[in-house]
1. Of all residues in the range B:600-620, how many are open to solvent by less than 40 Å² (accessible area, probe 1.4 Å), part of a strand (DSSP E or B) and closer than 25 Å to B:THR650 by Cα?
2. Sort through B:LEU15, B:LEU51 and tell me the only one that's more than 24 Å from the chain's Cα centre (by Cα), in the same structural domain as B:ALA189 (by TED's automatic domain parsing) and either more than 25 Å from B:ASP381 (Cα to Cα) or modelled with pLDDT of 95 or more (or both).
3. How many residues are surrounded by 19 or more Cβ atoms within 10 Å (Cβ to Cβ) and either assigned to a loop (DSSP other than H, G, I, E, B) or small (Gly, Ala, Ser) (or both) if we restrict to the range B:482-502?
4. Quick check, is B:GLY317 modelled with pLDDT under 95 and out of contact with any helix residue (DSSP H, G or I) (no Cβ under 6 Å at 6 or more places or on another chain)?
5. Exactly one condition in (1) in a loop (DSSP other than H, G, I, E, B); (2) at pLDDT 95 or above; (3) crowded, with 21+ Cβ neighbours inside 10 Å is not met by A:ASN367; state its number.
6. Got a sec? Which of B:GLY350, B:GLY366, B:GLY416, B:GLY390 is closer than 30 Å to A:CYS141 by Cβ, more than 14 Å from every other protein chain (Cβ to nearest Cβ) and in contact with a helix residue (DSSP H, G or I) (Cβ under 7 Å, 6 or more places away or on another chain)?
7. Within the range A:337-377, track down each residue that is polar (S, T, N, Q) and under 16 Å from A:LEU312 (Cβ atoms).
8. Mind listing just one residue for me: the one in the range B:139-148 that is buried (at least 24 other Cβ atoms within 10 Å of the Cβ) and more than 7 Å from chain A (Cβ to nearest Cβ) and, of those, modelled with the lowest pLDDT?
Number of protein chains: 2
Amino acid sequence: MNRRQFLATTAAAPLLAEARHPGIFKFTLGTPEQITPVSTRRYAPVSTDSLPGISTAPVTPKGRISKRGYLVTLPLAPNELVYGLGLQLQSFIQRGLKKKLRVNADPKVDSGDSHAPVPFYVTTRGYGVLIDTARYATFYCGNKKRKGIPDEAGSRTGDGFVSPVGLPAAYNRYNFNQPSEVLIEIPEAQGVDVYIFAGPSLREAVQRYNLFSGSGPIPPRWGLGMWYRASQDFTQDEVLKLSAEFRQRRIPCDVIGLEPKWQTHAYSCSYVWSDRFPDPAAMVENLAADHYRLNLWEHAFTHPSSPIYKDLLAHSGDYEVWGGVVPDFLQPEAREIFADFHEKTHVALGVSGYKLDECDNSDFTGNWSFPEFSAFPSGADGEQMHSLFGLRYQDTIQSIFEKRKQPTYGLVRSSGALAAPYPYVLYSDLYDHAEFIKGIAKSGFSGILWTPELRDAKNEEDLIRRLQSVALSPMALINGWYIRNPPWKQIERAANNKDQIDPYWEQLESRCREVMNLRMRLVPYIHSAFIRYHRDGLPPFRALVMDYPQDPQTWTIDDQYMMGDNIIVAPVVAGQHERSVYLPEGDWHDYWTGYRHSGRIQVRAPLERIPIFVRGGTILPLADITLHTDDPASWNLTAMIYSDGAATGTLYEEDGTEVRYTWDGGNFRGAGKRYVITDRKLMRG
Amino acid sequence: MNRRQFLATTAAAPLLAEARHPGIFKFTLGTPEQITPVSTRRYAPVSTDSLPGISTAPVTPKGRISKRGYLVTLPLAPNELVYGLGLQLQSFIQRGLKKKLRVNADPKVDSGDSHAPVPFYVTTRGYGVLIDTARYATFYCGNKKRKGIPDEAGSRTGDGFVSPVGLPAAYNRYNFNQPSEVLIEIPEAQGVDVYIFAGPSLREAVQRYNLFSGSGPIPPRWGLGMWYRASQDFTQDEVLKLSAEFRQRRIPCDVIGLEPKWQTHAYSCSYVWSDRFPDPAAMVENLAADHYRLNLWEHAFTHPSSPIYKDLLAHSGDYEVWGGVVPDFLQPEAREIFADFHEKTHVALGVSGYKLDECDNSDFTGNWSFPEFSAFPSGADGEQMHSLFGLRYQDTIQSIFEKRKQPTYGLVRSSGALAAPYPYVLYSDLYDHAEFIKGIAKSGFSGILWTPELRDAKNEEDLIRRLQSVALSPMALINGWYIRNPPWKQIERAANNKDQIDPYWEQLESRCREVMNLRMRLVPYIHSAFIRYHRDGLPPFRALVMDYPQDPQTWTIDDQYMMGDNIIVAPVVAGQHERSVYLPEGDWHDYWTGYRHSGRIQVRAPLERIPIFVRGGTILPLADITLHTDDPASWNLTAMIYSDGAATGTLYEEDGTEVRYTWDGGNFRGAGKRYVITDRKLMRG
């Protein structure tokens, strides 16, 4: 069994006729636009046969044309809660809110601006709704009431606000206990396709949406190791020196990233190696020999000095960004020109993937993108292009790796509808740690992946707390692009860049190494969760409500999340020494102590421990700690048994094998029972 | 001479045919919409004869229809800077920026969201542009470049950014030294009227715009005294107790404001006195006897329990807000129903004016307004209504006071185009002091007034610094709506509401009183500046660049402002003990010491002194300190002479009298030379 064998992410998935999707219902309202997420998709839907067939749409959309565009109406029942709409960093429950889904790089206000606005929502009544539009649609989620329709009897109190069932008082104002509507206004359109995804529960609705999108990606194992993005000022030699230092200092790292200045011109981009990197092929080879992958930062706006500029001219928008052209990634010609050059100049040398920056319309902060009124040869205007740009940019890069049958994993700054198949993780310049943690829980509703990347920190505590949530996220990324030394050598940025190393740095390094080692131990478990994403459409990181929609206690929880099927993570931010954790249905064991807990608990969180809970009855496979996933020792597993009795475990592996473990242990408590897994059979160690 | 005589603000202004406005040019592009700021205006333009006649438009707009709406293009010359677009709290120079002018109550991001978005800008080339639209238009201010147009030779360096002339390095990225365009995209419209206001300088362009709007308002003198908004929890007796306490403690105050709970129902509003106020007529009478005016908080969304609800039903939008109806203030019927009830129930009792809240589309924070797709009987949709709602709401209230020939001064939470004539001051829940100060400078470009109201403070220093900038603003407002005691009695909010008075409160009260006394001394000067606004369209508070557009040093200054023609205010925020001040052209005298300064200086700012500079050669009239403007002593003036030689002063008074003072003093330095002004003639004191 060759575990390195590449499993094609989705390309092998058969294209299924829509009739083959029991439980997915398409409603065509009015005359839909030509350019939409569905009409421009790269990935075909995959079968939803693993989910129960449902023959009746759980909800029926209505629509009407107005002078302003098109208005879609969907009903909401009393206390039916709404989640999703993409990376909504400022809010969790969407019912009660208005969101204009505008691609924007600075989503500091809860208005719908987002790196990844996704016109898809799910509700606690167990269905999902996709509005197939590339317009900046406005969603009014159960917060508008037509004049003169009386409330249900006794429903209002005081100033018109009522306590909804089971939610904290902060939600009182939203009148959740009334029947209402989701109203979606799509500018300019004269119609739209609406897809309804049946459940029966919220979780299956999300799964169906993800499978319809083409199902989840399987990142290569190295993608789930540690990532480190080096200073943008580094030369080739400095990159190699850093990578050697990591090995010498036993810092786990699978991927090294380069930031803007690896190019001759970065704003806009040339995609040509600068003289900082005189022999990139040798560098990549050197890194590969040390088991590092190389990832390159870039964006899509192409500078006149780039060799592909002239070819792209005819296949680009009519407005420039930073003096560069905007490729029309809706045109195959633009994608091919762009992909061919990238393959030849980077990927053929061994570059493992990209960080696709600046595709998120950061246009309110100066002049960082193209106007909404831009015209593209494909017929898209700037607004449509913004909504699709991150997706079609990922398509372009994907075409390289899929052609080469080579796995990739990377970063992207913008995504949108039907994003599940993309092995790209979102990130943001916003840097509030609590918000970043919530991003992990929220992204699971919308087929997107999110990393709370570590850039800098206020103090050692902040550094470790941030690293902990990074280690338990889809991508374990330290982004040192503006510091010369790893942050544990000097937290203060200016001092770091003057090479003023903290005298006690080895202590902090050691604490950070512990956190990174935790990540390395969890790689098989997280990888298995991704394979489940690929097989079943179930996101590897998700909010608790997705697994427990019947439990009102989970409805508001966005500061804890499921990691795979058997772990709940409850991260802690600097300044917090204990926290409240909710454990739904049944027993959960403290990952660190093995102690059994249930329900609402208060846990202490000493700095070295991020609260993690393992479902009772779980056999958790942990890898040996290694410096990278190429190390054969990274395949050695130890089973941790979290059970007072029988226990089971399921591990999905990269070649498609599903390995199940069972344990019929007697009555014992606690963790610390270690059993070596040999040849994929559980043995007493 | 009866100085109390009411000068009708603008109602008496003759309606001038457009041909009567030399220097104002109207371009009709395509087919404009029916509902616009100009088409729905209340106030007619007034004559611009006092300004130089200019017969050629300084700039010519072009337009084209697209599927998305209408696109207007105007040229920009190299280094031509753009200001305006309403209350843009996050930025000053608009060139280089993209702004979507969306009415929004939480403008935390520099995207164009604003309480008062105004589709009017002015440039340093000396003209103004009004785009007559009620749509959320997007302004791209010289930051977009068509593909393939070469830059002027040698204009780009490095990554494509160039130093503009005379501006700090932070502006380098904007390529100001290139010719460019302002691009304005108006959604949905098939055309638009564009008005161009000639200069010759930026200042005259603003004046012309304000005169075209109907010219500035003249607030009653009492409106320029101190304002205090009492706790929303107060009863009638508690209000009277507070007002008596102010007199007893010698706290200047002209206006007391009531907050939401004066009504039986506030969200939405009944406009009916609650049982907290059993005899409002007696209360108003009581307050009036003590020379207080009463101002009432409200918003326009009308609750079913309101006596006017049924009448408004047919003249309101199709969606509710907080269970109330949204009056269609574009319909005379709605305005009349609304105004009549307000007159009868409040104004006839002696209420002096209103604080018009919640008209600024705070809809992203829950459910605080009507959807953009709303339909109104007037034919407006919700987007148009949002852009006009603050204006037409002010019209409604103005109709009461104009009918009664009674002056008013109040607050409004939203405004827009052609707002100059309204005696209403904008405010915000955002509470950054530095930003609030800049609001004073910025609002002068757009015909709007702004108060940096004082709500609470981090500490004593913060309280005093905030009170200082309040005292030197269009409305000197302390907003104690959520505290039971004045902030100087206890800064900490919870303790304040538990009546835990600070043991040393009298010291702080005394310092605050000093600041308020400064305001009272300046009432005649500020009032005179308002009269000049009314006569000439010149805003009483404005950025330095408006008076000195030829001086590049003024181009970026938004933390100082002109107050009237002869004072520069340079406020200080807590934590700042000194600051840099720029004094343009000629000599300026420190208000406090009389010392002469010029150019860029560093000034110390002890806590009791906000830096104020008086133009050399100025006779500054200061009133006697009084507790309210009804006090006859408030008409007593002392002349402060800031000059080393000759000096002049001009005082405009409420009855239209223009009093000029001259002084041919010899050579003396410094302030402290006081001369009593008797019968409006300067005398040696």
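The values are calculated or read from the model by the stated rules, or taken from the named source; none is laboratory data. The shown structure was predicted, so the numbers you read here are calculated from the model rather than taken from an experiment. We place every Cβ from the backbone using ideal geometry, glycine too, and count neighbours over all the protein chains shown. Please note that ligands, DNA and RNA were not included when accessible areas were found on the heavy atoms of the full protein model with its side chains. Shrake-Rupley method; radii C 1.70, N 1.55, O 1.52, S 1.80 Å.
1. Matching residues across the range B:600-620 total 6.
2. B:LEU15
3. So the answer is 5.
4. For B:GLY317, the condition - modelled with pLDDT under 95 and out of contact with any helix residue (DSSP H, G or I) (no Cβ under 6 Å at 6 or more places or on another chain) - is not met.
5. (2)
6. Of the residues listed, the single one that is closer than 30 Å to A:CYS141 by Cβ, more than 14 Å from every other protein chain (Cβ to nearest Cβ) and in contact with a helix residue (DSSP H, G or I) (Cβ under 7 Å, 6 or more places away or on another chain) is B:GLY416.
7. Those that are polar (S, T, N, Q) and under 16 Å from A:LEU312 (Cβ atoms): A:THR345, A:SER374.
8. Among those that are buried (at least 24 other Cβ atoms within 10 Å of the Cβ) and more than 7 Å from chain A (Cβ to nearest Cβ), it is B:GLY142.
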